[in-house]
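S.K.: Dropping the structure in here first, questions after.
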Amino acid sequence: MSNNAFSLVWLRNDLRVYDNQALFEACQSGLPVVALFIATPDSWQQHFMAPVKQDFIRRRVVQLQTELAALNIPLVAIEGSHYSAVPELMQQLIKAGAELLYGHTEYELRERARDRKVSDIFAKAGKACFWFDRKAVMPPGSILSKTGGIYQIFTPFKKTWLARLRETGVRCFPKPKALPEIKLQLPEFSVMQQGDGSSAAYAVDELHALEQMRQFCRDKAAFYQAERDFPALAGTSSLSAYLAIGVISAQQCINRLQMEAANDWDKEKSGAAVWLSELVWRDFYHHILMAFPELIKHKAFQKDTDGIVWPNDAALFQAWCQGKTGYPIVDAAMRQLNQTGWMHNRLRMIVASFLVKDLHIDWRWGEQYFMSKLIDGDFAANNGGWQWAASTGTDAAPYFRIFNPVTQSERFDPDGVFIKRMLPELADIPKKQIHWPHPLPMWNEYVKPVVDHSKARLKTLELFHTVKKPQ
Ligand code: FAD
């Protein structure tokens, strides 16, 4: 072992100091620790990662450098352009003294291939790698049916998942203790570029994110069931951006929920239990992606639905993207996405259903557009959500049950508060007409509806009947 030997922690979607098993174990290795982050904008681009998410990552990495410096751990942040640059960078780090590599497993196909290559490089150099599976709370492959099969339906998956949680609880790793100060000789790398600040609405301090999560569990989780479907209310946790890049972990969320809602988290239909269910959905889609890796190639989970020939009208797609469909709830939602990089879950379901079942556009177009805009873009959750809405996925909404966007709007934004917030052109429309303002004389100020929902619905049924027996 060289005098310059160190343990390398490769950070990716685990940009945190608390509950970071890879970092924690590296600090136990007895060697000095160097943390590494490699920005790969060309690969990010290929995955359609939103600029706002890229900025959020870059800002978080800079902040993490300060948080790790307090533990005497240098964080080397390299600009690497593409995953293909990673093996060469690893070779250089091995030459510089990287003796052991620590990291967390990723579930996407290209990331897994990249990590296999890196493991081979370390093995060939006689060095060891330690990968920890922590992205999902229960590692993929660990929640199986009685016959050892992968659950393809959420409810039985959740039942087994909850039984496991009751049995084992979740383990969170403490923040490592500061290491002795040490100077290491490291090669000069191309330094990671700064972001453009577009994600400034999100603080990047880890303690801030933990506090937001603690406050949600303490003050708001109890009301989650009652409030979560109303986009005008701040009824959900707004933690998805932090969870997506790992500023906090789902394990920490569950631990905190169990502390703050000790009597409720396991009580069916309580706010806390319903919030926990959302974290189980997060796990479910991770498990599905690991078991069905072809999903990453945007294949439909229900293979027959790949036979549908979607009309894919480009002008209708543009109207949807820009929030100019003439359906107020859809337009307000799309403007929320375009302006903030985030969209409320109820609205994600409404606009996804509208794109596929009212505009007859392939769900993959919407999936990609979401990725290119979302600060919390996550392949498994996004693909799962889109395939659910399009009735092509696991446990999907039945194809013949089609959201009526106007009724959805009346139910979930009854006073039009959210619509008016996002669509100033409708500010003066009375409550009663806000969901469908077109018959009013002033409707001219707002775009005409691009489709007729009742006709569009029938056409959707026809499209599905080309591949499925009518129900
Ligand atoms: P909360 O309601 O407070 O939920 C807590 C956490 O649970 C979320 O932060 C998220 O990590 C997880 N979660 C909640 N709902 C789901 C779900 N249905 N599936 C998986 N995880 C969930 N979520 C993403 O994180 N990234 C995406 O790219 C994404 N794309 C979606 C696309 C569509 C079409 C749909 C219908 C849903 C999508 N979701 C996605 C799920 C969900 O809409 C967001 O997680 C949620 O709106 C984030 O807000 P929140 O943090 O306030 O959530």
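S.K.: From the phi angles alone, apply the Karplus equation (6.51, -1.76, 1.60; θ = phi - 60°) to region 276-286 and give each ³J(HN,Hα) in whole Hz, x where the residue is Gly or Pro.
M.R.: 3J(HN,Hα) across region 276-286, in whole Hz: 4, 4, 5, 5, 6, 4, 4, 5, 3, 5, 5.
S.K.: Using each residue's phi in region 144-150, evaluate 6.51 cos²θ - 1.76 cosθ + 1.60 at θ = phi - 60° and report the 3J(HN,Hα) Karplus result to the nearest Hz, with x for Gly and Pro.
M.R.: 10, 6, 4, 8, x, x, 7
S.K.: Another one. Between rounded, prolate and oblate, where does region 6-134 land on the alpha carbon gyration tensor, with a ≥ b ≥ c its root eigenvalues, rounded for a/c under 1.5, else prolate if a/b exceeds b/c?
M.R.: On the way: a/c = 1.61, a/b = 1.14, b/c = 1.41.
Because a/c hits 1.5 or more and a/b fails to exceed b/c, region 6-134 counts as oblate.
S.K.: With N set to the residue count of the chain, report its C-alpha Rg divided by 2.2 N^0.38 Å to two decimal places.
M.R.: Working: Rg = 23.7 Å, N = 471, 2.2 N^0.38 = 22.8 Å.
Output field value: 1.04.
S.K.: Using the Karplus curve 6.51 cos²θ - 1.76 cosθ + 1.60 with θ = phi - 60°, work out ³J(HN,Hα) for each residue of region 211-218 in order, rounded to whole Hz, and write x for Gly and Pro.
M.R.: Result, rounded to whole Hz: 5, 4, 5, 4, 5, 4, 4, 7.
S.K.: For region 303-466, what Kirkwood radius comes out of the mean inverse Cα-Cα distance, in Å?
M.R.: Working: mean 1/r = 0.0626 Å⁻¹.
With all distinct Cα pairs of region 303-466 included, I get 16.0 Å.
S.K.: If the only charges are +1 at each Lys and Arg Cβ and -1 at each Asp and Glu Cβ, what is the size of the charge dipole of the chain around the Cα centre, to the nearest 20 debye?
M.R.: In total the dipole reaches around 840 debye.
S.K.: Relative contact order (percent) for the chain, with alpha-carbon contacts under 8 angstrom and 6 or more residues of separation? Walk me through the intermediate numbers first.
M.R.: On the way: 735 pairs, mean separation 80.8, N = 471.
Across the chain, relative contact order equals 17 percent.
S.K.: Show me 138-145, 17-24 ranked by packing, highest mean number of other Cβ atoms within 10 Å first. Provide the component values of the computation, followed by the final result.
M.R.: On the way: 138-145: 16.6, 17-24: 22.8.
Output ranking for 138-145, 17-24: 17-24, 138-145.
S.K.: Under 8 Å for C-alpha pairs, at least 6 residues apart: give me the relative contact order for region 6-134, rounded to a whole percent.
M.R.: Values: 178 pairs, mean separation 42.1, N = 129.
With pairs under 8 Å counted, the relative contact order is 33 percent.
S.K.: Looking at the chain, what % of its DSSP beta bridges pair antiparallel, to the nearest 5?
M.R.: Values: 2 of 20 bridges.
Looking only at bridges with both residues in the chain, the antiparallel portion is about 10 percent.
S.K.: Check residue 78: other-chain or 5+ apart residues with amide H under 5 Å from its amide H, H built from backbone geometry?
M.R.: Amide H to amide H, under 5 Å and 5 or more residues apart or across chains, residue 78 pairs with 37, 38, 39, 192.
S.K.: Restrict the search to region 374-423; then list the trypsin sites (Lys or Arg not before Pro) that DSSP places in a loop and that have at most 15 other Cβ atoms within 10 Å of their Cβ. Kindly include the intermediate steps, with their values, before the conclusion.
M.R.: On the way: sites: 401, 411, 420, 421; in loops: 401.
Here the trypsin sites (Lys or Arg not before Pro) that fit, given the DSSP loop and packing criteria, are 401.
S.K.: On to the next question. Exceeding 29 Å between C-alpha atoms, which entries from my cross-link table qualify? They are 357/432; 135/420; 53/183; 299/459; 127/159; 53/175. Show your work: numbers first, answer last.
M.R.: Working: 357/432 26 Å; 135/420 38 Å; 53/183 33 Å; 299/459 23 Å; 127/159 41 Å; 53/175 25 Å.
Exceeds cut-off: 135/420; 53/183; 127/159.
S.K.: Check residue 132: other-chain or 5+ apart residues with amide H under 5 Å from its amide H, H built from backbone geometry?
M.R.: The list, which skips near neighbours in sequence, is 103, 104, 105.
S.K.: Turning to a different aspect of this structure: Assign one of three labels to region 104-236, namely rounded, prolate or oblate, based on the Cα gyration tensor with a ≥ b ≥ c the square roots of its eigenvalues; rounded applies when a/c is under 1.5, prolate when it is not and a/b is larger than b/c, and oblate otherwise.
M.R.: Details: a/c = 1.99, a/b = 1.24, b/c = 1.61.
Oblate.
S.K.: Report, to the nearest 10°, how far helix 379-389 tilts away from the longest principal axis of the Cα atoms in the chain, using its own Cα long axis and a range of 0 to 90°.
M.R.: Long axis of 379-389 versus the principal axis of the chain: about 20 degrees.
S.K.: Return the calculated 222 nm mean residue ellipticity for the chain, to the nearest 500 deg cm²/dmol, obtained by summing -39500 (n - 2.57) across DSSP H runs with n ≥ 4 and dividing by the residue count. Walk me through the numbers on the way to the answer.
M.R.: Working: 19 runs with 210 residues, N = 471.
Mean residue ellipticity at 222 nm (helix-derived): -13500 deg cm²/dmol.
Coordinate-derived values only; no laboratory data. The structure displayed is predicted, hence computed values, not measured ones. Heads up, the Cβs are rebuilt from the backbone with ideal geometry, glycines too, and the neighbour counts pull from every protein chain shown.
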